[in-house]
Amino acid sequence: MSKDVNRRKFMRSAAGAVAAGVAVPTAMSEEASAHSAWQPVYTTDRLNIRDSPTVGGGTIRTADQYTGMRIEDGPYYNDGYRWWYFRVNGDADEPGRVRGYAADDWTTHPNFAYPTWGRISSTYWDTRDGGSRYHRGCDITNDYGTNIYAAREGTVSYAGWVSGYGNVVYVDHENGYQTRYAHMDSIGVSSGQWVGDGEYLGEMGSTGNSTGPHIHFEIRRNGDKLNWPMVEDTYLWSKTAVPKNFPYISGTVYP
Ligand SMILES: [Zn+2]
């Protein structure tokens, strides 16, 4: 029996205990209590996305661990859990985006949020230049002109043309972190400008070394290109969680 099946079995038994009226202690960690509408969060384990905020609600999808989401509404207190209405990104089992209700016990806050919406067309370990190097970024495809947003608050340290990247914006964050947004059609910010979480940076394009409209998104620390769980050919909502808590960066994203 796989670990995943065991997990689902556990969730069913927990639901059964609630239905039988057995008291189930609700985890109210400091982190979980910070949930509010329009924050990005991601799943810390497999999580049932339901059609109502109750343990008896139909399951729309069981989201994989490390699925990025964004809270639209809530909370709702039912059956011993605190529920929210989420936008849920695609995952390895189901590439499409869905909306639905889930309990927040198996969700947490990210440090960065995805800067746009669309399909992940290339992930970190894909190769480039005939296999001589790794991609070390995340490509998201959509139409020309799709809005690009800051993945976290910070200072624009560069906005302009770079060979390969085309039109690109660099945003510097605390503790040596930097995000890069490449191949943009137009840039709407300038160097030195402060941008808040989720603030508009410009529009998607295909400038530089690119074969179609997409954004090449990188998270760096002290120059190193960082990785996080990302699944090719899955669909993202904008401003949903980049599913990782990076070390040495504090706080949460509130775009
Ligand atoms: Zn790329």
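Here are the numbers:
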{"read-out": "Highest-fluctuation residue, G205, G176, G100 considered, GNM on the chain with Cα pairs under 10 Å", "value": "G176"}
{"read-out": "Per residue, the convex hull volume that the Cα atoms of region 118-236 enclose (Å³)", "value": "99 Å³"}
{"read-out": "Point-charge dipole on Cβ atoms (K/R +1, D/E -1) for region 118-236, about Cα centre, debye to 20", "value": "340 debye"}
{"read-out": "Solution diffusion estimate, µm²/s, Stokes-Einstein, the chain, Kirkwood Rh from C-alpha pairs, 10 °C, viscosity 1.306 mPa s", "value": "84 µm²/s"}
{"read-out": "Where the chain is the region considered: accessible area per residue in Å², 1.4 Å probe", "value": "43 Å²"}
{"read-out": "Crossing angle, helix 3-19 versus the chain [Cα axis fit, 0-90 degrees, rounded to tens]", "value": "50 degrees"}
{"read-out": "With every protein chain in place, the chain: carbon and sulfur % of accessible area (1.4 Å)", "value": "48 percent"}
{"read-out": "222 nm mean residue ellipticity, helices alone, for the chain (DSSP H n ≥ 4; -39,500 (n - 2.57); rounded to 500)", "value": "-2000 deg cm²/dmol"}
{"read-out": "Segments 230-236, 132-138 sorted - mean Cβ within 10 Å per residue, highest first", "value": "230-236, 132-138"}
{"read-out": "Choice from A37, A182, A151 with maximal GNM fluctuation in the chain (Cα, 10 Å cutoff)", "value": "A37"}
{"read-out": "Neighbour net charge for I148 - beta-carbon separation under 14 angstrom, K R +1, D E -1", "value": "-4"}
{"read-out": "Computed lengthening from T44 to R119, 0.36 nm per intervening residue step minus Cα-Cα distance", "value": "24.8 nm"}
{"read-out": "Alpha-carbon centroid distance for the pair region 152-215 / region 49-111, whole angstrom", "value": "30 Å"}
{"read-out": "Options F86, H183, Q39, ranked by Cα towards positive dipole end of the chain, top entry (Cβ charges)", "value": "F86"}
{"read-out": "Solvent exposure ordering (accessible area, 1.4 Å, most first) of R50, R221", "value": "R221, R50"}
{"read-out": "Among Y114, Y77, Y124, residue whose mean-square fluctuation peaks in a GNM of the chain (springs only between Cα atoms under 10 Å)", "value": "Y77"}
{"read-out": "Test item: Cα-centred dipole of the chain, Lys/Arg +1 and Asp/Glu -1 on Cβ, debye", "value": "500 debye"}
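The values are calculated or read from the model by the stated rules, or taken from the named source; none is laboratory data. Quantities reported herein were computed from a predicted structural model and do not represent experimental measurements. Positions of Cβ are backbone-derived with ideal geometry, glycine not excepted, and every protein chain shown enters the neighbour counts. These accessible areas exclude ligands, DNA and RNA; they are computed on the full protein's heavy atoms, side chains included. Shrake-Rupley method; radii C 1.70, N 1.55, O 1.52, S 1.80 Å.
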